[in-house]
Amino acid sequence: MWKLCLLLACCTITLTLAADDESFSNSTMLKRLHDGDYDDDMLMVSSRGSENNDNEEDGVCPDGLMVAAWRPQKNLSTGDRVARGLVYFFVMVYLFIGVSIVSDRFMAAIEVITSKEKEVIIKKKNGEKQIVVVRVWNETVANLTLMALGSSAPEILLSIIEMFAKKFQAGDLGPGTIVGSAAYNLFVIIALCIVVIPKGEVRKIKHLRVFFVTATWSVFAYIWLYLILAQISPGRVEVWEGLLTFMFFPATVLTAYIADRRLLIFKYLDKNYRMNKRGVIVSAEGDAALEMDQQQQTDKLAADSDEMREFDEARREYISLLKELRAKYPQSDLEQLEMIAQEQMINRGPKSRAFYRIQATRRMVGSGNIMRKIQERAQSDLNEIKAQLQRVDVNVEDDEAMLRVFFDPGHYTVMESCGEFEVRVMRRGDLSGYTTVEYETEDGSAEAGSDYVGKKGVLNFPPGVDEQRFKIEIIDDDVFEQDEHFYIRLSNPSDPAILAVPKVATVMILDDDHAGIFAITQSSHELTESVGVYEVKVQRYSGARGKVLLPYWTEDGTAKAGKDYEPQEGQLVFENNETEKNIAVGIIEEGSYEKDVVFYVNIGEPTLAPDDELAGLIQAAEQKSPEDLTEEDKMALLGRPKAGETTRALLRIIESKEFKVSAPKTNTIDKLVQRANASMILGTSSWKEQFVEALTLTPEPTPTCANYVMHFVTLFWKILFAFVPPTEIAGGYLCFFVSICAIGVVTAIIGDVAGHFGCTLGIKDAVTAICFVALGTSIPDTFASKVAAIQDKYADASVGNVTGSNAVNVFLGIGVAWTVAAIYHEAQGQVFAVEPGTLAFSVTLFCSEAFIAITILMLRRSKTVGGELGGPVTIKYVSGFFLFSLWLIYLIVSSLEAYEVIQGF
């Protein structure tokens, strides 16, 4: 926040020094109308006309819609004006914080509304019925309507409110804020997102077709503004122009929806699908399709329908995730790995704009990280998460008694040495009849006969029976191989039963023939000097096959060998199937007061003993060139013993006192974000919950001084907007309407204060809009896009939504305001006069730079960079600096034109 204040203050000082005495007046009159067909009595000068100009020339600022000007106004010294300007400035900053906090409530309502889901029954070509879960709101439509309105509400409402405040006359503040905000969003926010990506990583826009459509509309919106201001009807806006501007908004939404759904020409393009982490069917593009290997492509073609392809895609992602977790946390048991995999399946999906916007706002005002709330809710109810992932227990509104058959659970994880395991099939609905269903195993990467025993049969459900079980045998061998999977598929249920998701169960076989991964169990140890001999435990996990030699040695820190401890060096011998050894270190007692020294115990790279039967096979494979390796050689190399993550332990020796070992115990689950249903997290169920959140300071991990300051500074806004109805009431719609009214009130005050600020310091409204108001209203979006860029797998949430929002701002903010004003003047027999000057010039400059910025983003998708965000360090910083420079050029040139230093339109 202090950076914002500093930047705005610098802009104020610069503009004040740059303006000469004549610039403090607003004496520019409307230019001559293009056609000259209107009589003088039909023309109505805008609010920038003679009356207000005379007032400002006399040093008198007009009262605002809700805030009166600071009196007295005449005969003020320069010091008085600067002091008043600073007061207005800090009040404006405080109002920006307030509108961000109420926008938090507004976005929460939008998230609840757009996250609505429903369960439908789809009848496939073969007559089989399938239950799937779909979202009521299309993601693209939601982003361009409610989400865009939520993030841009202050700019849109400011333009509309200014029109009413000026008695249906044109103003500079609202339109200038919209164009200035668009420039800031496109240049500064994207520049920031490019450079904050971690080194070596890139982010690509996933929904590229939608981005092209919204980018086209965003540039066209400002070209259209220029046309109606300076070409079609210079100096005035007619009713049809205002209406057409507004109608471009539904046109933008419709064309983006067509691109998203691949309608019209898009249906001839390649089509892929995915199931999001809530089990909802959405389209997939780009990398989501490229990530599937050849076997996955075969599975995709064999799917019965689009919906089943969605489920298959979710299954493949689950398998890939489970393999990653097994490699990262090999010491974890199967139940823990499966739980983490299910939780991350939900969390991996991209979050909405509302999620990142609210997260950024709460961090900014000292309310903490919303991810903590996600963890707490998910950990308290893991069963709900599993149910949400598997989508088993569904309620069908049309026929609650419909008989459904499905696997429960839909995923099984077993060790290769388990022998056999049991599979459960459930029946729900009317259990009074007799039901049969067929089942059959199906190869994935695991093959029947070598990895498992293939099986097929028929399950019989007598009346009143709701579950049946059968067993599958796993074949164990002595050769290391990668984790594999196969499927079990249900089919042909007897009438009237239907198959429900999951009708295909996935079985993951984890290999246990690895020679093992070796690590010290604890990275930090605390011991007394009187302990005598201290044992450091070394564990072998993820396999225990073969005889392995593991070197170890001690290393001095502040503790010295021979003085504080007895040095050790040697090797541990792990026999076949042996999983644990200890390194014994002698501690020398000196009786030292307040002793506190450290030393280290290290383990090296494990190797198979020369006499082990696998050593020869591995040695032979290591001597071959990579192209000569057979599959058996590759598997043998993968099964070699490896060092784990913790190969170095710190031992701290302290004086002989009674103490408790406080070494941290890592819980892998606590490190994972475990819930992504933002509508459940962002929404609130009661006023009590809202007031508790408003009064509570809960940042992570512990509150800092800045957290306390921001919490108490913003406490007024937090308590005030805690009165907004909870999202639980009326499905979020009541919260939606009350919040937008509150945003309108705060925005109206911002408009008045910004006008008084500029008038007091002699800064024109157009410059105040692009330098101060646009920046202040866009700060929450800046933090939100930064977080989204880092956390999201794709660039859509951080970059892809900028273009759509820029277009919507014009079509709603200017379209609605100018349409109403044009209709009002038409009814009065007058002309709605709008001076093209500064606004038309600013729009033209922005459009020119927008073409350059979008071209840069597209060029970054080449192989050299690989995506819109991130990439090689040099390229990403050059790109970011260039885009930021475009914004500075826009500010400087637009300001110079506003003060008539350079010639505009």
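Which residue, PHE220, HIS207, SER181, has the largest displacement toward the positive end of the dipole of the stretch 171-240 when charges sit on each Cβ (Lys, Arg +1; Asp, Glu -1)?
HIS207
Over what distance in Å are the Cα centres of the stretch 417-452 and the stretch 487-507 separated?
9 Å
With the crude spin-label approximation of a point 7 Å out along Cα→Cβ, what separation in nm comes out for ASP611 versus ARG262?
Modelled inter-label distance: 6.3 nm.
Given charges of +1 on the Cβ of Lys and Arg and -1 on the Cβ of Asp and Glu, with all other atoms neutral, how large is the dipole of the stretch 766-905 about its Cα centre, in debye to the nearest 20? Numbers along the way, then the final one.
Numbers: 6 positive and 9 negative charges, 141 e Å.
Its charge dipole is roughly 680 debye.
Treating the beta-carbon of each Lys and Arg as +1 and of each Asp and Glu as -1, no other charges, what is the dipole magnitude of the stretch 404-511 about its Cα centre, to the nearest 20 debye?
Values: 10 positive and 22 negative charges, 190 e Å.
Result for the stretch 404-511 is approximately 920 debye, rounded to the nearest 20.
Once amide H atoms are built 1.01 Å from N in the peptide plane, which residues 5 or more positions from TYR565, or in another chain, come under 5 Å H to H?
Amide H neighbours of TYR565, under 5 Å, 5+ apart: LYS560, ILE588.
Once a ≥ b ≥ c are taken as the square roots of the eigenvalues of the Cα gyration tensor of the stretch 404-511, is the result rounded (a/c under 1.5), prolate (a/b larger than b/c) or oblate (a/b not larger than b/c)? Write out the running numbers ahead of the final one.
Numbers: a/c = 2.63, a/b = 2.53, b/c = 1.04.
Prolate, because a/c is 1.5 or more and a/b exceeds b/c.
Probe of 1.4 angstrom, ligands and nucleic acids ignored: what's the accessible area per residue over the stretch 404-511, in square angstrom?
Numbers: 4360 Å² over 108 residues.
For the stretch 404-511, the solvent-accessible area averages 40 Å² per residue.
Counting only protein heavy atoms and a 1.4 Å probe, tell me what percentage of the stretch 126-267's accessible area is made up of carbon and sulfur.
Numbers: 3270 of 4740 Å².
Of the solvent-accessible surface of the stretch 126-267, carbon and sulfur hold 69 percent.
Grab the Cα-Cα distance for GLU575 and VAL87, subtract it from 0.36 nm times how many residues apart they are, and report the gain in nm with one decimal. Spell out each step's value before the answer.
Details: separation 488, 0.36 × 488 = 175.68 nm, distance 7.70 nm.
Extra length available between GLU575 and VAL87 comes to 168.0 nm.
So what is the accessible area of the stretch 692-781 per residue, in Å², with the probe set to 1.4 Å? Could the numbers behind the result be given before it?
Working: 3230 Å² over 90 residues.
Solvent-accessible surface per residue comes out at 36 Å².
Would you calculate the separation in nanometres between label points at GLU447 and ASP80, each defined as 7 Å from the Cα along the Cα-to-beta-carbon direction?
Label at GLU447, label at ASP80, 9.3 nm between them.
Between ASN582 and ARG489, with labels modelled 7 Å along Cα→Cβ, what's the label distance in nm to one decimal, could you check?
5.5 nm
Using amide H atoms built in the peptide plane, which far-off residues or other-chain residues are under 5 Å from LEU869 H to H?
HN-HN under 5 Å from LEU869: ARG203.
Using a probe of 1.4 angstrom, how much of the accessible area of the stretch 722-799 is carbon and sulfur, in percent? Walk me through the numbers on the way to the answer.
Details: 1470 of 2040 Å².
Its accessible area is 72 percent carbon and sulfur atoms.
If you roll a 1.4 Å probe over the stretch 404-511 with all protein chains in place, what percent of the accessible area is carbon or sulfur? Don't jump to the answer; show the numbers that get you there.
Numbers: 1950 of 4360 Å².
Exposed carbon and sulfur together represent 45 percent of the surface.
Suppose R0 equals 30 Å; then what is the FRET efficiency for MET858 and GLN903 from their Cβ-Cβ distance, rounded to the nearest 0.05?
Working: r = 33 Å, r/R0 = 1.10.
That pair, MET858 with GLN903, gives E of 0.35.
Which far-off residues, 5 or more places away or on another chain, put their amide H under 5 Å from the one on ARG424, with H placed in the peptide plane?
Those qualifying (amide H under 5 Å, at least 5 residues apart or on another chain) are ASP408.
Per residue, how many Å² of accessible area does the stretch 791-830 show with a 1.4 Å probe? Walk me through the intermediate numbers first.
Details: 1090 Å² over 40 residues.
Here the residues of the stretch 791-830 average 27 Å² of exposed surface.
Taking R0 as 51 Å, what's the FRET efficiency between VAL136 and VAL60 from their Cβ-Cβ distance, rounded to 0.05? Working shown, then result.
Details: r = 54 Å, r/R0 = 1.05.
Between VAL136 and VAL60 the formula returns 0.40.
What is the local net charge at SER879, summed over the other residues whose Cβ is closer than 10 Å to its Cβ (Lys, Arg +1; Asp, Glu -1)? Kindly include the intermediate steps, with their values, before the conclusion.
Working: positive: ARG860, LYS876; negative: GLU868.
Result for the local shell: +1.
Cα centroids of the stretch 850-905 and the stretch 515-581: how far apart, whole angstrom?
The stretch 850-905 and the stretch 515-581 have Cα centres spaced 56 Å from each other.
Grab the beta carbon distance between THR216 and ILE729, set R0 = 56 Å, and tell me the FRET efficiency rounded to 0.05. Display every interim value, and only then the final one.
On the way: r = 40 Å, r/R0 = 0.71.
So, using R0 = 56 Å, E works out to roughly 0.90.
Taking every Cα atom in the stretch 767-865, find the radius of gyration and the maximum pairwise distance Dmax, and write them in Å.
18.0, 60
The values are calculated or read from the model by the stated rules, or taken from the named source; none is laboratory data. For clarity, every value in this text was computed on a predicted model and none was experimentally measured. All Cβ positions, even for glycine, are placed from backbone atoms using ideal geometry, and neighbour counts span all protein chains on display. Note: areas computed on protein heavy atoms with side chains; ligands, DNA, RNA excluded. Shrake-Rupley method; radii C 1.70, N 1.55, O 1.52, S 1.80 Å.
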